[in-house]
Amino acid sequence: MWSASSTTGSDSRGFDGGKLINGRKRHVVVDTLGLLFAVMITAADVGDRAAAQVLLTQVTAAHHLPALVWADGGYTGSLVEYCLAALALVLAIVKRSDDMRGFVVLPRRWIVERFFAHLMRSRRLVRDFERSIASAEAMVYWSMTMLMTRRVARPRPSRA
């Protein structure tokens, strides 16, 4: 049996002590329907805010200028000010309240979680098998293309 660490280069792997992730992290920007705008895969030791700054800059350059982006609590701090000043983008942080216990569905956060669940239905994305980051990002785009194709081709009930 072999592990993904034997195929991924050591230059693209890391360890995030806060999230206890060893390997790579996926950073995504999706719309309100859960359709992918952009993905960026980094070593796990790259900070979420640093990755989000690069990713949001790419998204605003490539797509129509979004006015509002929702993010979880890991993206607070200077990123909010950077988005407003440099990208003219409002970054709204969806926080979990301190009095909540156990699993709670957060507003707008479930859209990203549903997107990651769709990715896990792709066998190639369950584990990190890709040697290069570009190949890993391409597999995420491929998986999203398959999902969108299935949605378009799904038969609709007739309106009789």
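The values are calculated or read from the model by the stated rules, or taken from the named source; none is laboratory data. Since this is a predicted model, take the numbers as computed values, not measurements. Here Cβ is always computed from backbone atoms with ideal geometry, including for glycine, and neighbour counts include all displayed protein chains. Please note that ligands, DNA and RNA were not included when accessible areas were found on the heavy atoms of the full protein model with its side chains. Shrake-Rupley method; radii C 1.70, N 1.55, O 1.52, S 1.80 Å.
Taking the range 111-160 on its own, how many of its residues are in a loop (DSSP other than H, G, I, E, B) and either touching a helix residue (DSSP H, G or I) at 6+ places or on another chain (Cβ under 7 Å) or without any contact (Cβ under 8 Å) to a residue 60 or more places away in the chain (or both)?
Counting residues in the range 111-160 that are in a loop (DSSP other than H, G, I, E, B) and either touching a helix residue (DSSP H, G or I) at 6+ places or on another chain (Cβ under 7 Å) or without any contact (Cβ under 8 Å) to a residue 60 or more places away in the chain (or both) gives 13.
Has the range 88-101 got at least one residue that is under 30 Å from Gly14 (Cα atoms), in a helix (DSSP H, G or I) and open to solvent by 70 Å² or more (accessible area, probe 1.4 Å)?
So far as the range 88-101 goes, no, none of its residues is under 30 Å from Gly14 (Cα atoms), in a helix (DSSP H, G or I) and open to solvent by 70 Å² or more (accessible area, probe 1.4 Å).
Looking only at the range 75-84, decide whether some residue is within 15 Å of the chain's Cα centre (by Cα) and in a loop (DSSP other than H, G, I, E, B). Steps first, please.
Quick first cut of the range 75-84, residues within 15 Å of the chain's Cα centre (by Cα) only: 75.
Checking the rest, the ones that are also in a loop (DSSP other than H, G, I, E, B) come to none.
Within the range 75-84, none of the residues are within 15 Å of the chain's Cα centre (by Cα) and in a loop (DSSP other than H, G, I, E, B).
Report the residue count in the range 1-23 for those that are open to solvent by less than 30 Å² (accessible area, probe 1.4 Å) and either modelled with pLDDT of 85 or more or part of a helix (DSSP H, G or I) (or both).
Matching residues across the range 1-23 total 2.
Tell me which of these Arg151 doesn't satisfy, since it passes every other one: (1) open to solvent by 60 Å² or more (accessible area, probe 1.4 Å); (2) more than 22 Å from Thr32 (Cα to Cα).
Unmet for Arg151, out of (1) open to solvent by 60 Å² or more (accessible area, probe 1.4 Å); (2) more than 22 Å from Thr32 (Cα to Cα): (2).
Quick check: anything in the range 53-65 modelled with pLDDT of 90 or more, in contact with a helix residue (DSSP H, G or I) (Cβ under 7 Å, 6 or more places away or on another chain) and among the aliphatic types (A, V, I, L, M)?
For the range 53-65, residues modelled with pLDDT of 90 or more, in contact with a helix residue (DSSP H, G or I) (Cβ under 7 Å, 6 or more places away or on another chain) and among the aliphatic types (A, V, I, L, M): present.
Does Val46 satisfy the condition of being at pLDDT 85 or above, under 16 Å from Glu137 (Cβ atoms) and in a loop (DSSP other than H, G, I, E, B)? Step through it out loud before you land on a result.
On the way: at pLDDT 85 or above: yes; under 16 Å from Glu137 (Cβ atoms): yes; in a loop (DSSP other than H, G, I, E, B): yes.
In short, yes.
Taking the range 32-45 only, how many residues are open to solvent by 40 Å² or more (accessible area, probe 1.4 Å) and either in contact with a strand residue (DSSP E or B) (Cβ under 7 Å, 6 or more places away or on another chain) or not hydrophobic (A, V, I, L, M, F, W, C) (or both)?
3
Name the single residue that is farthest from Thr60 (Cα to Cα) among those in the range 22-49 being among the acidic types (Asp, Glu) and in contact (Cβ under 8 Å) with a residue 12 or more places away in the chain.
For the range 22-49, the residue satisfying everything is Asp45.
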